């Protein structure tokens, strides 16, 4: 996956504020009208770094609960920078110029399953530990140059490059490991005294490990397999092993 920066400080402040509101509500319960400490079941609609989706949770005890969800997002782009060097003409083999570009498609799909831990009975603040069933992947194509001996690509450890017209389209696929453990913190702010409607937030991280990277060419056996493997290992080394989780959503509890 491509590296991205997520500025999480505002989200952390939001969650801290939600937790503080929950704690203050617990402290003033005696002076307020009778209200439930919490509603056990919640349905939510969410948006965040894993994509758009929904969740369902069950707080089966004062300090424990379980949750499950589904997230999906798809995005396509063209002209992204590729790791391989691009050589514009045959007489420049010893002086590589330019960078290969690739057309990519990012496909995010995951199903988180977690255990919620609530340190305070009357607060919505929670710590979640669980796993993410992970189908995240990125695919891409480096289009072939139809003109022979015009564009060369340096793939793997071959400094002379491969003729783009001879190898055809260069196809890439990066797929994360199917099960990713994760940890997060979250909280909700209720809009009503009956504690049915709330705004929720969550911040955390999933460990996705080393991705599975494969490269293939449109013309079979046109590139040394060792060079394809070397290029794939280079991409694997540059991939993030952690996936940031940042979500916000609206929940209905009952």
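The values are calculated or read from the model by the stated rules, or taken from the named source; none is laboratory data. Note that this is a predicted model, so its numbers are computed, not measured. All Cβ positions, glycine included, derive from the backbone under ideal geometry; neighbour counts span all protein chains shown.
Output the residues belonging to the stretch 217-228 that are surrounded by 17 or more Cβ atoms within 10 Å (Cβ to Cβ) and touching a helix residue (DSSP H, G or I) at 6+ places or on another chain (Cβ under 8 Å).
217, 223
Residues being buried (at least 22 other Cβ atoms within 10 Å of the Cβ) and touching a helix residue (DSSP H, G or I) at 6+ places or on another chain (Cβ under 6 Å): count how many of those fall in the stretch 204-216.
The number of residues fulfilling the criteria is 1.
Count, please, the residues in the stretch 122-149 that happen to be out of contact with any helix residue (DSSP H, G or I) (no Cβ under 7 Å at 6 or more places or on another chain) and in contact (Cβ under 8 Å) with a residue 40 or more places away in the chain.
Matching residues across the stretch 122-149 total 15.
Is at least one residue of the stretch 37-55 modelled with pLDDT under 90, farther than 26 Å from residue 132 by Cα and part of a helix (DSSP H, G or I)?
Looking through the stretch 37-55, none of the residues is modelled with pLDDT under 90, farther than 26 Å from residue 132 by Cα and part of a helix (DSSP H, G or I).
Examine the stretch 186-194 for a residue that is surrounded by 16 or more Cβ atoms within 10 Å (Cβ to Cβ), closer than 30 Å to residue 45 by Cα and more than 27 Å from the chain's Cα centre (by Cα), and state whether such a residue exists.
yes
Restricting attention to the stretch 171-185, and to residues there that are free of Cβ contacts under 8 Å to residues at least 60 places away in the same chain and part of a loop (DSSP other than H, G, I, E, B), which single residue is surrounded by the most Cβ atoms within 10 Å (Cβ to Cβ)?
Taking the candidates together, the pick is 177.
Can you name the number of the only condition in (1) touching a helix residue (DSSP H, G or I) at 6+ places or on another chain (Cβ under 7 Å); (2) without any contact (Cβ under 8 Å) to a residue 60 or more places away in the chain that residue 168 fails?
Only one criterion is unmet by residue 168, namely (1).
Quick check on my filter: what residues within the stretch 201-233 are closer than 19 Å to residue 177 by Cβ, assigned to a loop (DSSP other than H, G, I, E, B) and touching a residue at least 40 places away in the same chain (Cβ under 8 Å)?
208, 211
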